[in-house]
Amino acid sequence: MSYSRLQSDQDRRSCWVCFATEEDDRSAQWVRPCRCRGTAKWVHQTCLQRWVDEKQKGNSTVKVACPQCNTEYLILFPKLGPVVYVMDIIDRVIYKMCPFVADGIFIGTVYWTMVTYGAVTVMQVLGHKEGLNVMEQADPLFLLIGLPTIPLMLVLGKMVRWEDYVLRLWRKHSSKLPLLNYLFPDEHSRMSRVPADTVTLTDPISATRVLCGALIMPTIATIVGKLMFGLVQSNFQRTLLGGIAFIAIKGVLKIYYKQQQYLRQANRVIKDYEEVGESSATATPTSEDGAATNEG
């Protein structure tokens, strides 16, 4: 008796999506799409269709499986006409090709931007007329390969932090070289402790800062060259000297600034904690003693 009752409960159709039974809607279409048994065996066709739509999210090519037994659902579509069939193939090809086309457009845009920047940098460093003459006489293939390497080399050069190595040598050998302490005197030169190097010697530089600093470097070198080496006739030599001078001056200032920050960390002091009530209580007896003294 119990076995037959259990068998009847298992054969009873109940939708695992909406939990409705045959008695609730006798006109509903039922389907058994997977290997599940028991209460998860049957499901309404409309409920399953809606659930599959939520999983596919508009892409009918996505495969959907049962969440319980992982059986892949067998989904059949009506046959398409020849025109719709061809359009469907074209749509699938476009869907698969679009990411590659977009990547190609992006890479091409970046490449030609680098070429343009390289050409502008050549004219800026050598002078407008001389730069144009050099590029006109050069091999086009050489320009297509060489010009994009200019911004690339500038970015790679910006990533070389030579100030760190100089600062390490300064901290290691400053006690042996009194000349450094004479040129850069500081009242906190004697460190009470050696701070832990939990971070690098320079602040973490973001990618945007590296990119902007590298790309603006030729302009800064040109300006500094005209200000400091105006007597030099060659545009290239003047710009080169200006770039070297700017890098050297900036490096020295950066090293000095970082060293001062390092010394401040080494000589910091942590004070005792004082509660507001304790400070006021400490001040109150003094006032009372003063009042008592005055009364006496």
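Brief remarks follow.
- GLU54 paired with LYS96, simple spin-label distance in nm, labels 7 Å along Cα-to-beta-carbon: 3.1 nm
- With a simple spin-label model that places each label point 7 Å from the Cα along the Cα-to-Cβ direction, the separation between GLN237 and ILE75 comes to 7.4 nm.
- Nitroxide proxy distance, nm - points 7 Å out along Cα→Cβ at VAL120 and ARG13: 7.1 nm
- Kirkwood-based Rg to Rh ratio, region 38-138, C-alpha trace: 1.42
- For TRP30, nonlocal amide neighbours, meaning residues 5 or more places apart or on other chains whose placed amide H falls under 5 Å from its own, are GLN45.
- Radius of gyration over Kirkwood radius for region 79-158, both on Cα atoms: the Rg/Rh ratio is 1.36.
- Cross-link pairs beyond the 30 Å C-alpha cut-off, checked among LYS41/LYS63; LYS129/LYS158; LYS250/LYS271; LYS129/LYS254: LYS250/LYS271; LYS129/LYS254
- Only Lys, Arg (+1) and Asp, Glu (-1) charged, at Cβ; region 29-71 dipole about Cα centre in debye: 180 debye
Coordinate-derived values only; no laboratory data. Bear in mind the structure is a predicted one, so any value in this text is a computation, not a measurement. Backbone-built Cβ (ideal geometry, glycine too); neighbour counts: all protein chains shown.
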